[in-house]
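Down below is the structure, laid out as structure tokens.
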Amino acid sequence: MRIIQKEIEIPAKPRGFHLITQDIIESIDELQTIDVGFLNVFIKHTSASLTINENADPTVRHDFEKHINEMVPENQPYYKHTLEGPDDMPAHIKSSLMGSSIQIPITDGRLNMGMWQGIYLCEHRNNATSRQLVLTVYGN
Amino acid sequence: MRIIQKEIEIPAKPRGFHLITQDIIESIDELQTIDVGFLNVFIKHTSASLTINENADPTVRHDFEKHINEMVPENQPYYKHTLEGPDDMPAHIKSSLMGSSIQIPITDGRLNMGMWQGIYLCEHRNNATSRQLVLTVYGN
Amino acid sequence: MRIIQKEIEIPAKPRGFHLITQDIIESIDELQTIDVGFLNVFIKHTSASLTINENADPTVRHDFEKHINEMVPENQPYYKHTLEGPDDMPAHIKSSLMGSSIQIPITDGRLNMGMWQGIYLCEHRNNATSRQLVLTVYGN
């Protein structure tokens, strides 16, 4: 079994949910040489996250941002971690709800996702910087 | 290290949380030949999801469905992705909250879960069709 | 590719979010012998969970506990799974929101996390016992 790992930087994005499937695929060509295996993507941050969801209609990403702000509101009276601004503590909670890594099967040199699935970078901060991702493909 | 991958179809289920541990285990016999490794299950959809939870009392699955509908209600005024019905956008959000894959250690040819753990297929649509899963076992 | 697996027990902790990064690393020395690979941590329970989040300020863990109790309140009128106390059904739901396993890349014998990332054990029961974790490292 082979394993190939790379670290990439995704330029700063506005707060919200963003499709990055193509950025990922283009960053790790070796994916095409794996017959059966996995792609793992890991984000090295605690205020941005990764998930898999609908890849076609931008209103899905809009609605994700709107609703997650209802589920995890800013300025709750019980928040103590408030020094870095009202978006900071909610960003940490949202990150754990979405998750810090995704794992996708590879079959015949391609991501074996459903036709409507894509990879989202979920940016939970108002003024984010770029984000570091670790990409790993492994398999036979 | 060996890696074996299969794709299976789970027949359409009603909206709610369903135990599918036995369906998974019976679909991939090769699991028994792995001494140390993993089972990964990936769902190729964005309105159904996978999680691990309590495998004994059906009221747990009932309460999951009731509460997730409170956390992610239908017909929110800010939803724009509404063409496919009121259950569609909530289904996408619920899918990302639960997740699109699970990874379970294999030890001595068996899933090394706790005695109360089982695999749930979480169906978030009212009128779902069958669901495609990618099963992969790997290890020594 | 090599794969090494161990099972460890984390002594009982109070309800809340707890940093266990050092407990994990010290329990599986073999991590240092992997150039490129992964650490997977799996929790064998359905009322405690694992996530990756901020490793420095204890108020983050405080705020996690406060807010998850708002998202998943006790004593909801629609809960049927109530025999084991008001904290039981919420514990199951919280576990699936956070997740039962984490997967972290290994690079040059070290966990390749961001400098602010740590591993949380999320204890969702009031009177928990110890928790069993399966640790697996694999790679070249």
> Right, C:Pro86: in contact with a Phe, Trp or Tyr (Cβ under 9 Å, 6 or more places away or on another chain) and over 20 Å from A:His92 (Cβ atoms) or not?
Replying inline: yes
> Would it be correct to say that C:Leu19 is open to solvent by 10 Å² or more (accessible area, probe 1.4 Å), over 14 Å from the mean Cα position of the chain (by Cα) and of a type outside the set (S, T, N, Q)?
Replying inline: no
> Tally time: how many residues in region A:53-67 are within 15 Å of A:Trp116 (Cβ to Cβ) and either at the interface with chain B (Cβ under 7 Å from one of its Cβ atoms) or crowded, with 18+ Cβ neighbours inside 10 Å (or both)?
Replying inline: 8
> Which members of region C:57-82 meet the condition of being closer than 16 Å to B:His67 by Cβ and either touching a strand residue (DSSP E or B) at 6+ places or on another chain (Cβ under 9 Å) or hydroxyl-bearing (Ser, Thr, Tyr) (or both)?
Replying inline: C:Ile68, C:Tyr78, C:Tyr79, C:His81, C:Thr82
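Look through C:Leu50, C:Leu39 and report the one residue that is in a strand (DSSP E or B), under 22 Å from A:Val72 (Cα atoms) and open to solvent by less than 10 Å² (accessible area, probe 1.4 Å).
Being in a strand (DSSP E or B), under 22 Å from A:Val72 (Cα atoms) and open to solvent by less than 10 Å² (accessible area, probe 1.4 Å) holds for just one of C:Leu50, C:Leu39, which is C:Leu50.
Within region A:98-140, which strands (runs of 3 or more DSSP E) (wholly inside it) include 2 or more residues that are open to solvent by less than 10 Å² (accessible area, probe 1.4 Å) and more than 21 Å from C:Leu111 (Cβ to Cβ)? Break it down stepwise before answering.
Working: elements: A:101-107, A:117-123, A:131-139.
Where strands (runs of 3 or more DSSP E) fall fully within region A:98-140 and carry at least 2 residues being open to solvent by less than 10 Å² (accessible area, probe 1.4 Å) and more than 21 Å from C:Leu111 (Cβ to Cβ), they are A:101-107, A:117-123.
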>> Among the numbered criteria (1) within 7 Å of another protein chain (Cβ to nearest Cβ); (2) without any contact (Cβ under 8 Å) to a residue 12 or more places away in the chain; (3) of a type in the set (Asp, Glu), which one does B:Glu70 miss?
In response: (1)
> Taking A:Gln22, is it free of Cβ contacts under 8 Å to residues at least 24 places away in the same chain and either of a type outside the set (Val, Ile, Thr) or in a loop (DSSP other than H, G, I, E, B) (or both)?
Replying inline: yes
> If B:Ile34 satisfies every condition in (1) over 26 Å from A:Ile93 (Cβ atoms); (2) over 19 Å from the mean Cα position of the chain (by Cα); (3) open to solvent by 10 Å² or more (accessible area, probe 1.4 Å) but one, which is the exception?
Replying inline: (3)
> Taking region A:11-34 as the region of interest, how many residues are within 14 Å of another protein chain (Cβ to nearest Cβ) and closer than 27 Å to C:Tyr138 by Cα?
Replying inline: 4
> Of all residues in region A:73-94, which are open to solvent by less than 10 Å² (accessible area, probe 1.4 Å) and either within 14 Å of chain B (Cβ to nearest Cβ) or among the aromatic types (Phe, Trp, Tyr) (or both)?
Replying inline: A:Ile93, A:Lys94
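The values are calculated or read from the model by the stated rules, or taken from the named source; none is laboratory data. Computed from a predicted structure; not experimentally measured. So basically every Cβ, Gly included, is an ideal-geometry build from the backbone, and we count neighbours across all protein chains shown. Note: areas computed on protein heavy atoms with side chains; ligands, DNA, RNA excluded. Shrake-Rupley method; radii C 1.70, N 1.55, O 1.52, S 1.80 Å.
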